1. The conditions are (1) at the interface with another protein chain (Cβ under 8 Å from one of its Cβ atoms); (2) in a helix (DSSP H, G or I); (3) over 12 Å from the mean Cα position of the chain (by Cα), and residue B:52 fails exactly one of them. Which is it?
2. Evaluate segment B:202-217: report whether one residue or more is of a type in the set (Val, Ile, Thr), in a strand (DSSP E or B), within 16 Å of ligand 2 (Cβ to nearest atom) and touching a residue at least 60 places away in the same chain (Cβ under 8 Å).
3. With out of contact with any Pro (no Cβ under 6 Å at 6 or more places or on another chain) and under 30 Å from residue B:204 (Cα atoms) as the only criterion, which of B:107, B:27 stands out?
4. Within segment A:30-46, restricting attention to residues that are aliphatic (A, V, I, L, M) and open to solvent by 20 Å² or more (accessible area, probe 1.4 Å), which residue is nearest to the other protein chains (Cβ to nearest Cβ)?
5. Examine segment A:316-336 for a residue that is away from chain B (no Cβ under 14 Å) and open to solvent by less than 40 Å² (accessible area, probe 1.4 Å), and state whether such a residue exists.
6. For residue A:402, state whether it is within 16 Å of ligand 1 (Cβ to nearest atom) and either part of a loop (DSSP other than H, G, I, E, B) or more than 14 Å from chain B (Cβ to nearest Cβ) (or both).
7. When you look at residue B:168, is it surrounded by 14 or more Cβ atoms within 10 Å (Cβ to Cβ), of a type in the set (Gly, Ala, Ser), within 16 Å of ligand 1 (Cβ to nearest atom) and part of a strand (DSSP E or B), yes or no?
8. Scan segment A:125-141 for residues that are closer than 19 Å to residue A:217 by Cβ and modelled with pLDDT of 90 or more and report the count.
Amino acid sequence: MRPVEILRSVFLSVTSNKFRVFLTSLGIIIGTFTIILVVGIGKAGEAQVADQYSRLSVESITIARARGSGVTTTAVLSKDEALAMPESLQNVESVGVSTRISSEIAAGAISTAVTIQGINEAYADITHLEPLYGTLFTDEDSLMRSRYAVLGYNVANYLFDGDIEAAIDQTVLIKGASFTVVGVLDRIGGSGGISTSVSADSTSADDMAFIPYDVAIKYTSGTTRSGVSSAAQVSFVALANDIDSVKPAITEIQEYIEDTIGSADVYSVTDAGSVLESAQATARTMSALLIAVAIIVLLVSGIGIMNVLMVAVQERTREIGILKSIGAARPVILAEFLLEATFISAFGGLLGAGLSAIAPWALSFTDISFMPSVDGILLGIGFSVITGIISGFYPAVKASGLKPIDALNYE
Amino acid sequence: MSTIIEMKDIYKSYGRGEGKVDVLKGVSLTVEAGEFVAILGPSGSGKSTLMNLIGLIDTIDSGTYTIDGVDIHNQSDRLYARIRNRKIGFIFQKFNLIAKYNALRNVELPLLIQGESSHSAKTRALATLERVGLGDRWQHRPNQLSGGQQQRVAIARALVGNCPLILADEPTGALDSKTGQEILKFFQDLNAEGKTIVMITHDPHIASQAKRIIRVEDGLIQPA
Ligand SMILES: Nc1ncnc2c1ncn2[C@@H]1O[C@H](COP(=O)(O)OP(=O)(O)OP(=O)(O)O)[C@@H](O)[C@H]1O
Ligand SMILES: [Mg+2]
């Protein structure tokens, strides 16, 4: 049989029963779509983690209040004690301090909820906060309790309606007090693109505002709403002299904390590399879980595909019997059914991939972020198309191996 | 005259163990090229079984079968397909048309399988449909045709490849006697053109119009 005639047979088969084709491809469409979605969500998670920690150099060491019930002491490392570390510790070059508050921030009539960090110069330095416009405030500003603010890119974009440069020297309201905007940070986030809104939960500098530490700390005094001591809201980041001094620096810091407040367990001291690694591992676990879900979906839709094909298999087996009895050789029959299964699967796969184009839009109504990726599309199309082809082709392989009489009498 | 069908001592049974049915119990049959043979016999005697073996639709259990000089024992699937396609035009009791194809494509198929171009297949298929009186119905699908018309499409499909051997399993069984008579006349014309015809029938009157009658009873061919 000429290839063009085999193609025509496939065409006639597909067009003569569009409903069957639709049912068959439905499972493939859903399978492809789900896999792409799930991979995209996983990738976005990993990218977020990478973004969050991209500001940390590998030489940086975070010193944060340890979480968990094991911590009983209320002893706190004071700012001055922490900032004294570079002087007494050989491997520590500088120490940054930061505290967090949640607040509304308003410029004129526009306001949004945002995370505000109170920081010192060293913190900005270690975490690579770079002004796009204006400058950062200094430690002197902090000592003077100057109410200066530096805005993250998205925050400035939102409050000043896209005119970021205009933010400089404007007044913003934080916790009811006026702050002068002295700088706007360069954009960091690679994954999300320019966001027109500000996420209050985000830990990306793009979505935050920064004020001098000594100004911020008075807003955190006492006990926070959740009942956590304000001490938990202060964390430090130390910079080791170089990559090789990270390990000894950690030991030094732990000893220093023990000497200063009597217990080293109150603070967890971790280097950026391992923080990033564990966060990424968590994100990867999430992706793997999501992919497992997608594969289950695909298996279920694969069973659906099989089922639809099984219903059609009696008709198709008789057809194969007829073809054999008038002299069609097995390869011709197999080629026809393989092409048909490929066509239907590819159709479903591409449609599912096309459908995934609406995912970013659909997910923009939720907190879930999505990152389209070639990997996801290839995995989605590949996996479901292969499932489709196998389930469409397998019955034909079986039927074409029968004697013509058995295929004709198939029930 | 050359021998087109030569069967010796053919056995065929279905099932196994307790439920085993011996259908053919040592059938020998020779048909010369150009013959018009009617196979007559009661229902369940094994006529269709014999016909399926002749048409390579089913496989024999034991015995030898030579078709147009080719011993079919232990040949490749390819060769069987080729013989079915080039040497045998098979007309089934149940027509066995492909429902999703129209009359034309059903008739074209044996030619397309041979590798003919779609143009030449179409020309030949249309001419054959014309010949069986369905020239104006080529666009219809089987379910849009009457039983007699479907039978004629099936006949056209068996004829289109110009195979030397036509096998027909009760071609008149489902038709009224007038239409049946027309079909029979058609076979006689084909036979006059040199085709070898083997036809199963229940009807002694129809059978009497063939050149030779073979009686099958209880899995054996009765001596003439
Ligand atoms: N696939 C099969 N499995 C089991 N038994 C079968 C099978 N095909 C045929 N038979 C049995 O073989 C015997 C002969 O069947 P066959 O179809 O050859 O009869 P027939 O002479 O053509 O009858 P009819 O005139 O009714 O068409 C019957 O008893 C039938 O039940
Ligand atoms: Mg029969």
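1. Failing condition for residue B:52: (3).
2. First pass over segment B:202-217, keeping only residues of a type in the set (Val, Ile, Thr): B:206, B:213-214, B:216.
Still in the list and also in a strand (DSSP E or B): B:213-214, B:216.
Subsequent filtering for residues that are within 16 Å of ligand 2 (Cβ to nearest atom) retains B:214, B:216.
Filter once more, keeping what is touching a residue at least 60 places away in the same chain (Cβ under 8 Å): B:214, B:216.
Checked segment B:202-217: at least one residue is of a type in the set (Val, Ile, Thr), in a strand (DSSP E or B), within 16 Å of ligand 2 (Cβ to nearest atom) and touching a residue at least 60 places away in the same chain (Cβ under 8 Å).
3. Values: B:107 fails: under 30 Å from residue B:204 (Cα atoms).
On inspection, the qualifying residue turns out to be B:27.
4. Going residue by residue through segment A:30-46, those that are aliphatic (A, V, I, L, M) are A:30, A:35-39, A:41, A:44.
Checking the rest, the ones that are also open to solvent by 20 Å² or more (accessible area, probe 1.4 Å) come to A:30, A:37, A:41.
Working: A:30: 27, A:37: 36, A:41: 42 Å.
Checking each candidate, the answer is A:30.
5. Of all residues in segment A:316-336, those away from chain B (no Cβ under 14 Å) come to none.
Looking for residues that are away from chain B (no Cβ under 14 Å) and open to solvent by less than 40 Å² (accessible area, probe 1.4 Å), one finds none in segment A:316-336, hence no.
6. On the way: within 16 Å of ligand 1 (Cβ to nearest atom): yes; either part of a loop (DSSP other than H, G, I, E, B) or more than 14 Å from chain B (Cβ to nearest Cβ) (or both): yes.
Answer is yes for this residue.
7. Numbers: surrounded by 14 or more Cβ atoms within 10 Å (Cβ to Cβ): yes; of a type in the set (Gly, Ala, Ser): yes; within 16 Å of ligand 1 (Cβ to nearest atom): yes; part of a strand (DSSP E or B): yes.
Answer is yes for this residue.
8. 6
The values are calculated or read from the model by the stated rules, or taken from the named source; none is laboratory data. What you are looking at is a predicted structure, and each value in this text was computed from that prediction instead of being measured. Neighbour counts run over all protein chains shown; Cβ positions are idealised from the backbone, glycine included. Calculation scope for accessible area: heavy atoms of the full protein, side chains included, ligands and nucleic acids excluded. Shrake-Rupley method; radii C 1.70, N 1.55, O 1.52, S 1.80 Å.
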